[in-house]
1. Do we have A:A28 as of a type in the set (A, V, I, L, M) and in contact with a Cys (Cβ under 6 Å, 6 or more places away or on another chain) here?
2. Would you check if B:Y437 is out of contact with any Lys or Arg (no Cβ under 9 Å at 6 or more places or on another chain), touching a residue at least 60 places away in the same chain (Cβ under 8 Å) and assigned to a loop (DSSP other than H, G, I, E, B)?
3. Looking only at the stretch A:179-217, count every residue that is under 18 Å from the mean Cα position of the chain (by Cα), within 14 Å of chain B (Cβ to nearest Cβ) and not hydrophobic (A, V, I, L, M, F, W, C) and tell me the total.
4. Can you say whether B:K83 is at pLDDT 95 or above and within 13 Å of chain A (Cβ to nearest Cβ), as far as the supplied structure shows?
5. Examine the stretch A:60-77 for a residue that is modelled with pLDDT under 95, more than 8 Å from chain B (Cβ to nearest Cβ) and assigned to a strand (DSSP E or B), and state whether such a residue exists.
6. Any chance you could count how many residues in the stretch A:123-144 are at negative phi and more than 9 Å from every other protein chain (Cβ to nearest Cβ)?
7. From B:D368, B:D395, which residue is at pLDDT 95 or above, closer than 26 Å to B:Y224 by Cα, crowded, with 21+ Cβ neighbours inside 10 Å and acidic (D, E)?
8. Would you confirm, using the coordinates I've provided, whether B:T278 is among the hydroxyl-bearing types (S, T, Y), out of contact with any Leu (no Cβ under 8 Å at 6 or more places or on another chain) and modelled with pLDDT of 95 or more?
Amino acid sequence: MSKVNLEIPEVEIREIRLGSITGFQGTAGELVGACGGCSGRLKDKNRSFSQCLGCGTSNAACTLTLIQDAAIISHGPVGCSTCLHEFAFTYRVNAHLRQIEHPTQRKIFSTNLEEKDTIYGGGKKLEAAIREVYRRADPKAIFVITTCAAGIIGDDVETITNAAEAELGIPVVAVFCEGFRSKIWTSGFDAGYHGIARKIIKPPREKRNIINVINFWGSDVFREWFAEFGYEPNYITPFSTVDTLSYSSEAALTVQACSTLGSYLGAALEQVYGVPEIRNSPPYGIAQTDRWFRELGKILGKEQEAEAFLQRKKEEYMPKIEALRERLKGKTAYVTAGASHGQSLLALLSELGMKPQGAAIFHHDPVYDNESPDADTLAHTVADYGDVPNYNVCNKQEFELVNVLNRIHPDILLARHGGMTLWGAKLGIPSLLIGDEHFGMGYEGLVAYGERIADAIENDEFVKNLRKHAVNPYTKWWMEQDPYTFLGRNF
Amino acid sequence: MAGLIEQERYTCAIGALQTVVAIPRAVPILHSGPGCGTMIKGFFERSSGYAGGDTSPCTNFSEREVVFGGTDRLRSIIKNTYKVLDTDLQVVVTGCTAGIVGDDVASVTDEFLDEGKPIVHVETSGFKSSNYVSHSAVVNAIIEQYVSRFEHENPPRSEKNLVNLFASVPYQDQFWKGNLREFKRLLEGLGFRVNILFGPHSGGVKEWQTIPRANFNVLVSPWYGEPIVKNLKRRYGQPYFKFSYLPIGGNETTRFLEELLDYARKHHAELDWKRARTFITEEENAYYEELDNLATFLLEFRYGLPNHVHIFHDAGYVAGLTRFLLHETGIVPKEQFVVDNTPEKYKAQVEADIKAASDQREIPVYIDPDAGALQDILRGIRHSGKGLIIGSGWDKELAEEKDCDFLSIACPTPYRIVLTTNYIGYTGGLRVIEDIYNNALAQYQ
């Protein structure tokens with residue numbers, strides 16, 4: 001049965017829909033093996049000690065706040081949207097990457113639920129908020145993201161938004177992303193995309209030479225690549241407009257910067273609107289880059305152009321890649337990142353001749369919404385480059401990371417989530433966070449990323465000094481325990 | 001009743017977990033949904049301290065805890081916190097989920113209390129209030145549940161020259177560390193001993209234990225924090241001196257220190273009054289030497305400096321800065337915007353404090369947490385000359401639209417890093433001047 005169902009207001013959380021987990025300890029190969037044909041029968045493990053996670057509401061907001069002409073209402077207490085100003089900053093500073101000269105102020109609101117609303121309900125407040133936001137911000141669409149408080153008191157957000165949509169004549173979209181529903185904050189991405197798929201995207205009028213790119217706000221690498229095939233990228237969702245989203249159904253195909261991010265929307269576009277999706281996980285490392293461009297060429301009917309393109313890239317970049325391999329030979333690394341992207345980074349490291357010593361990956365999806373084995377990034381990484389030891393599925397639990405890093409002490413820590421580099425640096429390990437998710441893609445990406453890694457390893461004065469003065473709140477006892485002491489048992 | 005809010009300038013009640021983070025070696029334990037800690041971290045930025053941010057333990061409420069209650073999970077998290085983290089004080093703060101399902105948190109923390117652990121609990125459900133309000137709830141909970149255990153060693157009002165100072169909501173006031181350090185320096189200059197309770201220049205939990213000993217309390221705030229000094233008055237009979245805005249620059253710092261000395265005299269502090277007076281004079285002299293040097297620049301610089309200002313901030317900053325800027329730089333305060341969700345009963349006083357900056361002009365004051373609506377008001381207003389907008393990161397785009405200079409001094413802001421800078425006192429006034437005019441000069445490329 002399809003994982004995509006646009007008839008229902010609320011998309012199922014990943015734990016249920018995909019069988020995703022947040023606790024695992026073993027090797028990457030063991031995890032791939034455990035998933036083989038299991039279609040979501042992986043056994044999750046709980047922790048008897050835990051630190052702050054993220055939640056779905058900010059990830060849902062991540063997919064919605066950077067749409068140029070939409071407004072966001074957080075239906076909840078004021079705190080549930082107080083980190084969204086970070087998206088306003090991102091929008092402003094990265095706008096130039098997408099040819100937007102005058103980025104406009106982001107329109108972010110809170111219904112500001114108070115104690116009496118938890119008793120009498122917050123529905124009236126939400127109705128009034130939607131009207132006021134429509135009047136004040138003149139948006140092309142309004143997204144209402146839900147919160148724990150709104151969810152538990154049981155406000156009927158779907159009915160209210162549907163009524164408002166009929167009244168105002170613009171899409172008013174309920175996005176269900178209460179934090180307590182899922183331990184996997186990427187469920188929030190699915191919630192945002194589900195809202196877009198069911199209320200914004202329209203049936204195609206005609207096919208056009210555009211390719212949907214489901215991504216965050218990274219550099220515009222796809223423009224040059226797609227131009228070679230006669231296509232333009234249609235970036236989803238940051239810096240899109242309600243209009244360009246509406247007609248993403250007219251694209252020739254959909255690609256993703258990270259299968260974890262775009263899983264649901266990619267599948268929805270294919271299954272509901274017939275836009276084919278590149279199954280292969282994104283182009284990190286040579287093997288995957290070749291596969292990815294060949295699939296692109298196949299879908300577009302331009303297989304020869306794809307081969308020629310790859311040949312040119314090889315000629316241009318292989319000498320540089322060889323030089324980097326020499327420079328990085330035998331260096332060890334540890335990765336902490338979201339699922340598919342982290343798995344891609346492991347491939348990239350191996351491609352550069354480095355030795356990944358382990359990873360703390362925020363969750364694991366045994367299957368994506370397209371249910372294709374070709375989309376399994378980790379399986380590709382293991383098949384292409386061999387097993388990775390110390391592969392830990394760990395939802396941003398700093399205490400485990402600190403313990404592991406202190407044991408493994410790699411030559412570099414690669415992180416892709418704010419806050420995670422700190423502990424590498426405190427332990428004197430060169431630590432690198434690359435925010436641009438497109439940075440390492442393709443042949444040129446291997447070179448660019450490799451140079452940054454080499455730079456970080458070779459310029460370690462700062463982390464060495466920080467190590468000498470670092471404050472450590474973790475007990476000596478903890479640093480001597482097995483890092484997974486609290487995983488799967490009531491310690 | 002506060003309705004819709006655009007562009008939040010403060011966060012919800014659980015944001016007062018930063019009050020715990022501000023105490024050296026204290027840890028907040030969140031009994032809340034999974035995203036609360038991330039939201040707070042994202043609002044304040046660079047605010048992890050010793051064991052905040054990603055280090056803070058959290059029960060991460062799931063569907064299961066919402067249905068069956070989360071006390072078992074909380075017990076396990078607290079128990080293991082003692083194994084994993086080395087801390088001096090543990091404060092359990094609760095989120096909306098725990099509040100709505102009605103978990104009996106005290107019954108769990110009591111178990112650890114019986115083992116002699118320095119643990120405190122406080123309800124901070126997000127829907128209850130803002131972090132401005134719940135800051136007081138957290139401090140009062142620590143006083144009731146922790147400081148109270150040391151009362152036998154710390155008799156009430158037993159030190160004539162000791163005061164407890166409550167001036168900043170840590171992290172919400174980006175300059176809290178610097179401000180508290182400068183308050184301490186100033187009051188010590190007068191001869192007091194001062195408990196500032198937060199930040200690296202406080203004495204951590206040991207200092208908290210001595211709160212009862214203080215002769216009286218000092219509150220520098222229009223309204224937030226007042227429940228703390230009222231509680232201390234009830235509990236230990238300590239009276240309090242209130243100064244309702246931040247003393248910034250020469251006039252107001254001197255006024256603050258002199259009024260404080262008068263108050264201390266009435267309450268039988270035993271200071272060297274003459275030395276205290278000399279200290280004020282020396283500080284003033286150093287301050288006015290700079291203002292003297294600067295005046296030529298302010299009066300003669302030909303290439304356009306701001307001549308009027310709009311501020312978006314809490315009542316304490318708006319009142320303190322308008323006075324300072326008008327009288328000590330000549331920048332005229334026009335419409336002012338108070339965005340701290342000032343409680344009804346304080347609004348009239350807040351407005352009066354701001355208007356009292358000048359007897360020569362009327363300063364329009366708007367009080368509303370819906371800062372987006374206030375920005376729209378300002379969009380419709382034009383004054384001649386170069387304007388200056390002082391506020392949070394949200395206001396940068398507005399300043400650009402209105403071709404105003406912009407200074408970032410309020411949360412949330414990705415546009416400025418504040419470490420230990422202080423804005424209060426004589427030195428704080430000078431720093432405000434440096435920031436405003438360096439900003440203006442930096443635009444000439």
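1. Values: of a type in the set (A, V, I, L, M): yes; in contact with a Cys (Cβ under 6 Å, 6 or more places away or on another chain): no.
The answer is no for A:A28.
2. Details: out of contact with any Lys or Arg (no Cβ under 9 Å at 6 or more places or on another chain): yes; touching a residue at least 60 places away in the same chain (Cβ under 8 Å): yes; assigned to a loop (DSSP other than H, G, I, E, B): no.
So B:Y437 fails the test.
3. Looking only at that region, the number is 6.
4. Values: at pLDDT 95 or above: yes; within 13 Å of chain A (Cβ to nearest Cβ): yes.
Taking the combined requirement at face value, the residue satisfies it.
5. If we filter the stretch A:60-77 for residues that are modelled with pLDDT under 95, which is where we start, we get none.
Within the stretch A:60-77, not a single residue is modelled with pLDDT under 95, more than 8 Å from chain B (Cβ to nearest Cβ) and assigned to a strand (DSSP E or B).
6. First pass over the stretch A:123-144, keeping only residues at negative phi: A:123-137, A:139-144.
So of that shortlist, the ones also more than 9 Å from every other protein chain (Cβ to nearest Cβ) come out as A:123-124, A:126-127, A:130-131, A:134-135, A:139-144.
Residues that pass the stated criteria total 14.
7. On the way: B:D368 fails: crowded, with 21+ Cβ neighbours inside 10 Å.
Unique residue meeting the criteria: B:D395.
8. Working: among the hydroxyl-bearing types (S, T, Y): yes; out of contact with any Leu (no Cβ under 8 Å at 6 or more places or on another chain): yes; modelled with pLDDT of 95 or more: yes.
Yes; evaluated as a whole, the condition is true for this residue.
The values are calculated or read from the model by the stated rules, or taken from the named source; none is laboratory data. Keep in mind the model is a prediction, meaning the values are calculated, not measured. FYI the Cβ positions are ideal-geometry reconstructions off the backbone, even for glycines, and counts take in every protein chain you see.
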